[in-house]
Amino acid sequence: MEFKIENLGNTFDAEIVQSLGNSEYVIKIQEKERNLKILNMTSNKIEFMLDNSYHVAKYLDNNTAKMTVVVDGLQITFDKHSELDKIVYKNSGAESVGDSQISLRSQIPGRVVSINANVGDKVKKGDVLCVLESMKMQISIKSHKDGLINSIKIKQGASVAKNDVMMEIE
C-alpha cells in the first residue's frame with residue numbers, strides 16, 4: 001500500500017507480509033522487513049512494538065483521503081492510498097459479480113456512517129450506496145451493478161459484520 005507523508009513530501013510503500021498470530025506481524029516498509037506487535041488499540045490510540053522499540057500513535061483526524069496522527073510526540077499527516085476505494089471495490093468481488101447477484105454484502109466489519117440510497121431508487125454500477133467506518137477509516141461501499149434498490153437491511157449507526165447483506169439490488 002502506498003502512503004505519502006505530507007510533512008516530508010515523500011511517498012513510501014508498506015505492506016503486511018505475514019500474520020504471526022497474537023497481534024504480531026511481519027511488515028515491509030520501503031523494502032525492509034520489520035517486526036510489529038500490537039500491544040493495545042483503542043478508538044483514539046494504538047500502542048505497539050516495532051523491532052523491539054515501544055511506540056504510541058494517537059489519532060487526531062481521519063477522513064477518506066488523509067489521516068493525522070501523533071507518533072511518539074511527532075504529528076504526522078499522511079495521504080491514504082490513492083486507490084483505496086478501487087481496492088476495496090475489487091476485493092469485495094464486485095468486479096467479478098454478474099448481474100444475477102442481488103445482495104450487496106459488507107466486505108469489512110464496521111459501523112454504518114451513512115446510507116445514500118432509499119428503497120425504490122435506481123442506481124448505477126459504482127454509485128456510493130453507503131459509508132462504513134472501521135478502525136477510524138471511512139470506506140465508501142459502491143453498487144456492484146445497475147438496478148433498483150429492492151430492500152435496505154442496515155440502519156445508520158448500526159454495526160455490520162463481514163459478509164452481512166446490506167442491500168438487495170434487482
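The values are calculated or read from the model by the stated rules, or taken from the named source; none is laboratory data. In this text, all values refer to a predicted model and were calculated from it rather than measured experimentally. The accessibility values were calculated without ligands, DNA or RNA, using every heavy atom of the protein model including side chains. Shrake-Rupley method; radii C 1.70, N 1.55, O 1.52, S 1.80 Å.
Structure above, values below:
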| read-out | value |
| --- | --- |
| Average accessible area per residue (Å²) across the stretch 131-170 - probe 1.4 Å, nucleic acids and ligands excluded | 50 Å² |
| In sequence order, calculated HN-Hα J values of the stretch 135-152 (Karplus, 6.51, -1.76, 1.60; Hz; x Gly/Pro) | 6, 6, 10, 9, 10, 7, 9, 10, 5, 8, 6, 6, x, 10, 5, 8, 7, 10 |
| The stretch 105-170 shape via C-alpha gyration tensor axes, a/c threshold 1.5 | prolate |
| Solvent exposure, largest accessible area first (probe 1.4 Å, DNA, RNA and ligands not counted), of M167, M49, M135, M41 | M135, M41, M49, M167 |
| Amide H partners (placed H, <5 Å) of K45, local residues excluded | Y59 |
